[in-house]
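J.: Just dropping this structure here.
Computed from the coordinates by the stated procedures, all read-outs in this text should not be read as laboratory data. None of these values were measured; they are calculated from a predicted model. Don't worry about glycine lacking a Cβ; one is built from the backbone with ideal geometry, like all the others, and counts go over all protein chains shown.
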Amino acid sequence: MKKLWLCLIVGATCLGIVSSAGSQQGQGKGKASSGDLPAAVCQAIEQYIAKIDSARSISDKTQRTEKYTAAENELATVLKRHDRDSLLTQASAYARYTELVASSDPSDTKFSGLLEQRLNSRAALLEMCASYTTSR
């Protein structure tokens, strides 16, 4: 009985390792992945996030909005140059959620949801460039 359990445990472990390795290999084949983004696009996305994050600390809403727009325009220029215009919508969501968080009262019941959406949109942008950030 002990041998049976030992064989089951070893077999399950081997299957887990094999399936894990197979799923990692399959990610790069046949699909457009984050690795397909040029380094210039990833640099622009990182700079965009940094500019949005720094603009968040400005107390005047008009000035914040101007900074968001300037950052978005710079990103749009790079995205257009690399034929990745479709990413601008996703990037704009990060600025929009950042502004909603900056202009909301933290005691509001919707605040945590806005904060979560902001963090999720930021993570999604950074995830697109995961291979870029790990390789530099």
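J.: List residues of the range 68-92, by number, whose backbone nitrogen lies under 17 Å from a label position 7 Å along Cα→C-beta of residue 123.
T.: Only 91 pass the distance filter.
J.: Rounded to the nearest 20 Debye, what is the dipole magnitude of the range 36-135 about its Cα centre when Lys and Arg each give +1 and Asp and Glu each give -1 at the C-beta?
T.: I would put it at about 100 debye.
J.: Using Cα pairs closer than 8 Å and at least 6 residues apart in sequence, work out the relative contact order for the range 36-135, in percent.
T.: 32 percent
J.: Can you give the FRET efficiency for residue 131 and residue 107, using 1/(1 + (r/R0)^6), R0 = 35 Å, r = Cβ-Cβ distance, to the nearest 0.05?
T.: 0.30
J.: Now for a different question. Residue 70: net charge of surrounding residues, Cβ under 12 Å, Lys/Arg +1, Asp/Glu -1, itself excluded?
T.: Charge balance near residue 70 sits at 0.
J.: Give the cross-link partners of residue 67 among the aspartates and glutamates, using a straight C-alpha distance below 15 Å as the criterion and excluding same-chain residues fewer than 8 apart.
T.: Partners within reach: 53, 99.
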